[in-house]
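Take a look at the structure below.
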Amino acid sequence: MSDKIIQITEMNKWFGDFQVLKNINLEVEKNKKIVVCGPSGSGKSTLIRCINRLEEHQQGSIIVDGNELTEDTKDIEKIRAEVGMVFQQFNLFPHLSILDNCTLAPIWVKKMPKKDAEELALQHLEKVQIADQASKYPGQLSGGQQQRCAIARALCMEPKIMLFDEPTSALDPEMIKEVLDAMVNLAKAGMTMIVVTHEMGFAKEVADEVIFMDEGMIVERAETKEFFANPKSDRTKLFLSQIL
Amino acid sequence: MMNKLNFLQPDKNNLNTYLYTGVILVSLSIFIVFLNSFFNKDIISFLPGSISFFLPLILGFIGLHLIRIDYSGLKFLDRVNKNINTNNFNAFLSLLIVFVIIKSLPPLLSWFILDANIAGDSKDVCTGSGACWTYIKIWFNRFMYGMYPNAEQWRINLSFIALASLGTIGFFATEKFKKYLTLYYVVVYPVIAFFFIFFFISGGPIFFDFSYGIIAAVISVIIGFFIPSKFKMYYFIIVPITLYILLKYVFFYEELIELGKLEALEWVETGAWGGLSLTFIVSFFCLIFCFPIGLFLSLGRRSDFPVIKYFSIGMIEFWRGVPLITVLFMSSVMFPMFLPEDMFIDKLVRVIIAISLFEAAYVAEVIRGGLQALPRGQYDAAKSLGMGYWKMHILVILPQALKLVIPGIANTFLALVKDTPLIFVVGLLEIVGMLNLAKTNPEWLGFAMEGYVFASVLFFIICYAMSKYSYNLEQKYKTER
């Protein structure tokens with residue numbers, strides 16, 4: 001098996017009559033960090049939601065870690081357990097403490113003993129620097145802390161790939177940095193990451209490649225330096241000129 | 001007008017004068033009403049009729065106006081001003097309410113206590129104008145136990161005490177057993193309750209089924225301690241049932257047929273059950289059955305599988321669309337016609353199934369409201385962590401949704417408890433049914449009022465306890481946000 005951990009070929013997706021993703025071809029190698037950017041409504045989020053099948057695609061194929069995503073639901077839970085995801089709205093479980101948020105899936109999905117799961121959770125919470133908040137509830141934390149907890153929660157499943165769906169878009173400017181720091185550390189530790197974000201500073205710092213999407217198509221894909229220095233298509237140039 | 005009144009407002013300097021005048025006026029007005037109401041003395045009768053009627057209100061109103069001040073530093077005065085004396089309209093309403101209470105106390109007191117009778121044991125002692133509690137005293141036993149034989153009523157008491165104490169286990173469970181509590185309350189407890197009520201209270205040869213059940217359960221729990229936890233799940237399903245069948249059909253069968261005639265508890269058919277104990281039995285079983293059924297219907301209605309979805313919608317809409325009284329009637333009259341000749345399902349069981357299904361439809365819609373209130377992100381997050389449908393619902397969705405709908409569920413359950421009297425249509429007489437029976441007894445005609453008051457008080461106590469409990473639950477799970 002090649003070290004291509006995600007392979008998307010000729011993928012199309014519709015919401016009703018509206019085609020959101022058009023002919024997507026994307027390969028991601030292990031340990032690569034990919035940043036996906038583009039105007040809103042361009043299908044970025046839908047694309048990464050397809051990768052762990054929170055959305056179903058109608059045409060083409062998606063192969064994650066050697067398993068093709070089809071309607072066979074038995075596999076899907078195993079694949080999802082290996083693909084961590086962080087959401088724009090954090091989506092922590094409000095009825096559970098921070099620690100329980102992190103240990104829930106390891107205990108019930110991976111059948112890990114409670115003690116081990118708690119140890120693991122505290123390790124990851126330590127990494128994102130909120131171990132001291134472990135006994136609090138999500139509602140008592142700031143947005144930045146919640147998002148870091150969400151990252152720790154995803155990491156507790158020890159995923160092979162991490163997907164980030166605009167992780168800083170719902171945060172106050174002050175809190176964006178603490179979340180980005182946690183993501184940078186994660187990237188340095190060698191995690192395979194696909195990040196949908198508008199934070200171009202983050203893209204420049206950690207991304208190996210940048211993908212620009214518009215109207216459901218991948219318009220441009222290039223090495224990070226190349227992408228910012230010599231964007232090829234006019235659409236990319238326009239986009240960059242507007243946000244930089 | 002306002003300006004004119006404003007000069008009557010107290011301020012810091014002349015507070016005392018205003019305060020004394022105001023308090024005297026208010027006290028005087030209350031005193032007048034009090035005398036009038038309790039001692040029938042009208043000390044202002046020298047005034048013309050309409051003025052003497054309104055005088056207390058006017059005096060009190062002026063008094064309250066005089067003592068109204070933003071902040072006086074006197075604790076009691078400030079509290080009064082803040083709560084009942086914020087403006088002229090509120091002061092007027094407060095006075096009116098106080099007067100109505102004072103006015104209505106004497107007749108209520110005299111009916112309930114002063115002129116009431118409780119001594120003696122026949123209706124002849126009830127000569128006063130008040131309530132005849134003797135009637136309740138004499139019929140108390142019937143109101144509690146219906147037609148259940150007096151000598152056997154200890155069985156009902158014992159069952160209720162046993163179930164009540166088994167129900168409190170949750171408060172004493174140690175940390176180690178806490179995680180089994182849900183299993184206990186959802187599966188084990190209802191089964192125990194079922195055995196107690198249908199075998200122990202019912203009695204007869206069937207009582208031995210109960211004993212086999214107990215023996216099988218005890219033996220399997222004892223062996224259960226030595227079983228590796230890996231197999232416990234299967235063990236606790238298979239072994240008790242096997243033991244039960246062995247006990248019933250292999251080991252004891254011959255002997256117990258003989259014994260059964262000698263030693264079994266006397267059989268009391270469900271038609272003889274009644275009174276408050278039947279209210280409890282019906283409510284209890286309907287509550288514990290309608291909840292899981294409603295839960296599954298609500299999940300089913302949101303299912304992706306058309307068969308499950310439309311079945312759930314059909315069930316919900318059907319049961320919501322028919323009146324309970326017709327459902328009960330059909331369960332007793334129509335339903336047996338569709339059963340094979342030799343098949344017999346007890347009347348009480350049929351009633352409990354009917355009410356459970358009926359209320360389950362309401363519970364389902366209440367729960368669905370909670371499910372829909374959850375943001376889609378919760379589903380996404382649970383799925384992205386690799387949880388399947390059941391794990392997602394049990395661990396993430398339902399704990400939140402159910403917490404949201406505690407008030408709605410409590411509402412449905414209260415309605416259920418108060419719907420139980422309807423079972424009179426199939427001839428089961430719980431407490432209100434017994435009242436209706438007792439009030440037509442020729443020796444005790446004319447005491448319907450006492451009976452209904454009595455039942456109202458009982459229902460109020462039950463329902464208020466439930467509503468308090470649901471409120472406590474709400475507070476208990478209000479850990480976040």
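What to note about this one:
- Among the residues of region A:132-140, at least one is in a helix (DSSP H, G or I), closer than 16 Å to B:Leu395 by Cβ and within 12 Å of chain B (Cβ to nearest Cβ).
- Scanning region A:30-64 for residues that are more than 13 Å from every other protein chain (Cβ to nearest Cβ) and among the charged types (D, E, K, R), we see that the one that is surrounded by the fewest Cβ atoms within 10 Å (Cβ to Cβ) is A:Lys30.
- Scanning region B:429-457 for residues that are at pLDDT 90 or above and hydroxyl-bearing (Ser, Thr, Tyr), we see that the one that is surrounded by the fewest Cβ atoms within 10 Å (Cβ to Cβ) is B:Ser456.
- Every listed requirement among (1) assigned to a strand (DSSP E or B); (2) touching a helix residue (DSSP H, G or I) at 6+ places or on another chain (Cβ under 8 Å) is met by A:Thr9 save one, (2).
- The condition of being surrounded by 13 or more Cβ atoms within 10 Å (Cβ to Cβ), more than 23 Å from the chain's Cα centre (by Cα) and either closer than 21 Å to B:Phe194 by Cα or of a type in the set (Gly, Ala, Ser) (or both) holds for only one of B:Ala116, B:Ala162, B:Ala151, that being B:Ala116.
- Residues being surrounded by 21 or more Cβ atoms within 10 Å (Cβ to Cβ) and either under 18 Å from A:Gln133 (Cα atoms) or among the small types (Gly, Ala, Ser) (or both) - total across region A:153-181: 5
- Taking the listed residues B:Phe196, B:Phe143, B:Phe160, the one that is under 13 Å from B:Ser277 (Cβ atoms), assigned by TED's automatic domain parsing to the domain that holds B:Ile288 and either in a helix (DSSP H, G or I) or polar (S, T, N, Q) (or both) is B:Phe143, with no other qualifying.
- If only residues of region A:56-68 that are touching a residue at least 60 places away in the same chain (Cβ under 8 Å) and part of a loop (DSSP other than H, G, I, E, B) are counted, the one that is nearest to A:Ile194 (Cα to Cα) is A:Asp65.
- Odd one out for B:Gly170, checked against (1) surrounded by 17 or more Cβ atoms within 10 Å (Cβ to Cβ); (2) farther than 23 Å from B:Met434 by Cα: (1)
- Helices (runs of 4 or more DSSP H) (entirely within region B:319-417) containing at least 2 residues that are under 31 Å from the mean Cα position of the chain (by Cα) and modelled with pLDDT of 95 or more: B:347-373
- Residues in region B:127-180 that are closer than 30 Å to B:Asp115 by Cβ and of a type in the set (A, V, I, L, M, F, W, C): B:Ala131, B:Cys132, B:Trp133, B:Ile136, B:Ile138, B:Trp139, B:Phe140, B:Phe143, B:Met144.
- Residues in region A:31-68 that are under 15 Å from the mean Cα position of the chain (by Cα) and of a type outside the set (A, V, I, L, M, F, W, C): A:Asn31, A:Lys32, A:Lys33, A:Gly43, A:Lys44, A:Ser45, A:Thr46, A:Arg49, A:Asn52, A:Arg53, A:Glu55.
- Residue count, region B:439-480 (criterion: within 14 Å of chain A (Cβ to nearest Cβ) and either outside any helix (DSSP H, G or I) or charged (D, E, K, R) (or both)): 6
- Residue match in region B:120-128 (condition: touching a strand residue (DSSP E or B) at 6+ places or on another chain (Cβ under 6 Å) and on the phi > 0 side of the Ramachandran plot): no
- Subset of region A:198-239 [buried (at least 16 other Cβ atoms within 10 Å of the Cβ), within 30 Å of A:Glu178 (Cβ to Cβ) and of a type in the set (A, V, I, L, M)]: A:Met200, A:Ala203, A:Val206, A:Ala207, A:Val210, A:Ile211, A:Met213, A:Ala222
- Of all residues in region A:103-117 being more than 9 Å from chain B (Cβ to nearest Cβ) and among the β-branched types (Val, Ile, Thr), the one that is farthest from A:Lys78 (Cα to Cα): A:Thr103
Okay, residues lined up against (1) farther than 17 Å from B:Thr17 by Cβ; (2) assigned to a helix (DSSP H, G or I); (3) modelled with pLDDT of 90 or more; (4) assigned by TED's automatic domain parsing to the domain that holds B:Phe31:
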position: B:Ile62; (1), (2), (3), (4): no, yes, no, yes
position: B:Ser72; (1), (2), (3), (4): no, no, no, yes
position: B:Asp78; (1), (2), (3), (4): yes, yes, no, yes
position: B:Leu96; (1), (2), (3), (4): yes, yes, yes, yes
position: B:Ile101; (1), (2), (3), (4): yes, yes, yes, yes
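- Unmet requirement for B:Leu278, which otherwise passes all of (1) at pLDDT below 85; (2) out of contact with any Lys or Arg (no Cβ under 7 Å at 6 or more places or on another chain); (3) not β-branched (Val, Ile, Thr): (1)
- Of all the listed residues (A:Leu186, A:Leu122, A:Leu92, A:Leu163), the sole one being part of a strand (DSSP E or B) and not aromatic (Phe, Trp, Tyr) is A:Leu163.
- Residue match in region B:186-195 (condition: closer than 30 Å to B:Ser456 by Cβ, of a type in the set (A, V, I, L, M, F, W, C) and either modelled with pLDDT of 80 or more or within 27 Å of the chain's Cα centre (by Cα) (or both)): yes
- A:Ala105 aliphatic (A, V, I, L, M) and touching a Leu at 6+ places or on another chain (Cβ under 6 Å): yes
- Residue list for region B:266-290, restricted to those being surrounded by fewer than 23 Cβ atoms within 10 Å (Cβ to Cβ) and not in a helix (DSSP H, G or I): B:Glu266, B:Trp267, B:Val268, B:Glu269
- Taken over region B:356-403, the criterion of being touching a residue at least 12 places away in the same chain (Cβ under 8 Å) and at the interface with chain A (Cβ under 9 Å from one of its Cβ atoms) is satisfied by B:Gln378, B:Tyr379, B:Ala381, B:Ala382, B:Leu395, B:Val396, B:Gln400, B:Lys403.
- Residues that are acidic (Asp, Glu) and free of Cβ contacts under 8 Å to residues at least 40 places away in the same chain were ranked within region A:69-89; the one that is nearest to the other protein chains (Cβ to nearest Cβ) is A:Glu77.
The values are calculated or read from the model by the stated rules, or taken from the named source; none is laboratory data. In this text the structure is predicted, and so the values were computed from the model without any measurement. So basically every Cβ, Gly included, is an ideal-geometry build from the backbone, and we count neighbours across all protein chains shown.
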